[in-house]
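My structure is below; once you've seen it, I'll send some questions.
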Amino acid sequence: MRGLTESDLRTAVSCGVDLPDEEWSWFMARVERVRVPAETALFEEGQPLALSWFLLRGIVRYHARDPVRGRDVTFGFDYEGRLVSDFDALFGGGIARRSAVTLEDVDAFALHLADLEAACARSRAWEQAVRRLAQRALVKAADKERRIRLLTPEERYRLLLEGRSPLALRLPQYLLASYLGVTPETAVSRIRVPAVDAGPGARRSAVR
């Protein structure tokens with residue numbers, strides 16, 4: 001995979017909106033390049049959300065505590081080229097409804113949410129871009145819900161393979177099992193064989 005740059009961040013944040021160069025320069029002057037070790041919490045459930053991250057390298061896991069069953073639940077993952085945030089908090093009050101932890105050493109751009117708010121106040125273009133970020137987050141969540149309800153674990157794993165998702169190869173087996181909705185982890189081994197044997201032509205869509 002090629003190295004990601006500021007240009008990739010601009011593409012991700014602008015969401016197709018034509019942000020003027022002077023506005024982007026103003027924003028980038030406030031963005032920090034950070035390196036975060038594995039097993040570090042980026043934000044925690046129930047705490048104020050102050051930062052979002054654009055991943056240049058590494059994988060992040062989203063999770064929360066199930067108060068009824070008394071266990072930790074995996075909500076999903078993000079990896080290179082994606083924005084890491086809790087969009088419920090970003091657009092709905094500022095308190096994170098889940099936690100995010102690095103699974104690998106992470107290289108990222110750190111975005112202060114106060115700067116995003118200030119950018120929206122500065123420019124209609126920024127306001128449109130942030131609105132599109134929210135819309136994309138809603139679409140992503142709805143698509144994930146559809147896959148969970150309609151597809152088997154084998155089908156969801158096949159989508160990971162066909163989409164060349166790094167999750168298929170880089171996630172620990174117990175987290176892959178949680179992501180696919182199967183337990184115990186040994187079930188992943190039974191899923192992997194038929195999914196791989198089915199070949200890349202079984203489905204055309206890719207996991208996002």
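Do we find a residue being touching a Lys or Arg at 6+ places or on another chain (Cβ under 6 Å), surrounded by 14 or more Cβ atoms within 10 Å (Cβ to Cβ) and of a type in the set (A, V, I, L, M) anywhere in the range 103-118?
Yes, there is a match, as at least one residue in the range 103-118 is touching a Lys or Arg at 6+ places or on another chain (Cβ under 6 Å), surrounded by 14 or more Cβ atoms within 10 Å (Cβ to Cβ) and of a type in the set (A, V, I, L, M).
Determine whether the range 83-93 contains at least one residue that is of a type in the set (Phe, Trp, Tyr), in the same structural domain as residue 28 (by TED's automatic domain parsing), touching a residue at least 40 places away in the same chain (Cβ under 8 Å) and surrounded by 20 or more Cβ atoms within 10 Å (Cβ to Cβ).
In the first step, residues of the range 83-93 are kept if they are of a type in the set (Phe, Trp, Tyr); the result is 87, 91.
Then drop every residue that is not in the same structural domain as residue 28 (by TED's automatic domain parsing), which leaves 87, 91.
Remaining after also requiring touching a residue at least 40 places away in the same chain (Cβ under 8 Å): 87, 91.
Narrowing the set further to residues that are surrounded by 20 or more Cβ atoms within 10 Å (Cβ to Cβ) leaves none.
No, the conditions are met nowhere in the range 83-93.
Turning to a different aspect of this structure: Among the candidates 132, 122, 98, single out the residue that is crowded, with 17+ Cβ neighbours inside 10 Å, at pLDDT 85 or above and among the basic types (Lys, Arg). Show your work before the answer.
Values: 132 fails: crowded, with 17+ Cβ neighbours inside 10 Å; 122 fails: crowded, with 17+ Cβ neighbours inside 10 Å.
Of the residues listed, the single one that is crowded, with 17+ Cβ neighbours inside 10 Å, at pLDDT 85 or above and among the basic types (Lys, Arg) is 98.
Related question: Tell me which residues, restricted to the range 14-36, are among the β-branched types (Val, Ile, Thr) and closer than 16 Å to residue 127 by Cα.
First, the residues of the range 14-36 that are among the β-branched types (Val, Ile, Thr): 17, 31, 34, 36.
The answer is 17, and nothing else.
Right, next: List every residue pair whose Cβ atoms lie under 7 Å apart, where the two residues are 6 or more positions apart in sequence or sit on different chains, the first residue falls within the range 122-144 and is touching a residue at least 12 places away in the same chain (Cβ under 8 Å) and of a type in the set (Val, Ile, Thr), and the second residue, located anywhere, is in a helix (DSSP H, G or I) and surrounded by fewer than 17 Cβ atoms within 10 Å (Cβ to Cβ).
Filtered contacts from the range 122-144: 130/120.
Sticking with this structure for a sec: Looking only at residues in the range 76-95 that are within 14 Å of residue 62 (Cα to Cα) and of a type in the set (A, V, I, L, M), which one is modelled with the lowest pLDDT?
The first filter runs over the range 76-95 and keeps only residues within 14 Å of residue 62 (Cα to Cα), leaving 76-79, 82-89.
Going one step further and asking which of them are of a type in the set (A, V, I, L, M), we end up with 83-84, 89.
Values: 83: 92, 84: 94, 89: 82.
Of everything passing the filter in the range 76-95, 89 is modelled with the lowest pLDDT.
Given 17, 34, 13, which one is out of contact with any Lys or Arg (no Cβ under 7 Å at 6 or more places or on another chain) and either not in a helix (DSSP H, G or I) or not β-branched (Val, Ile, Thr) (or both)? Explain how you work it out, then say what you get.
Details: 17 fails: out of contact with any Lys or Arg (no Cβ under 7 Å at 6 or more places or on another chain); 13 fails: either not in a helix (DSSP H, G or I) or not β-branched (Val, Ile, Thr) (or both).
Going through 17, 34, 13 in turn, just one is out of contact with any Lys or Arg (no Cβ under 7 Å at 6 or more places or on another chain) and either not in a helix (DSSP H, G or I) or not β-branched (Val, Ile, Thr) (or both): 34.
Still on this structure: When you scan the range 72-81, do you find a residue that is free of Cβ contacts under 8 Å to residues at least 24 places away in the same chain and of a type outside the set (Phe, Trp, Tyr), even just one?
yes
The values are calculated or read from the model by the stated rules, or taken from the named source; none is laboratory data. Keep in mind that this is a model prediction, so the values were computed, not measured. Here Cβ is always computed from backbone atoms with ideal geometry, including for glycine, and neighbour counts include all displayed protein chains.
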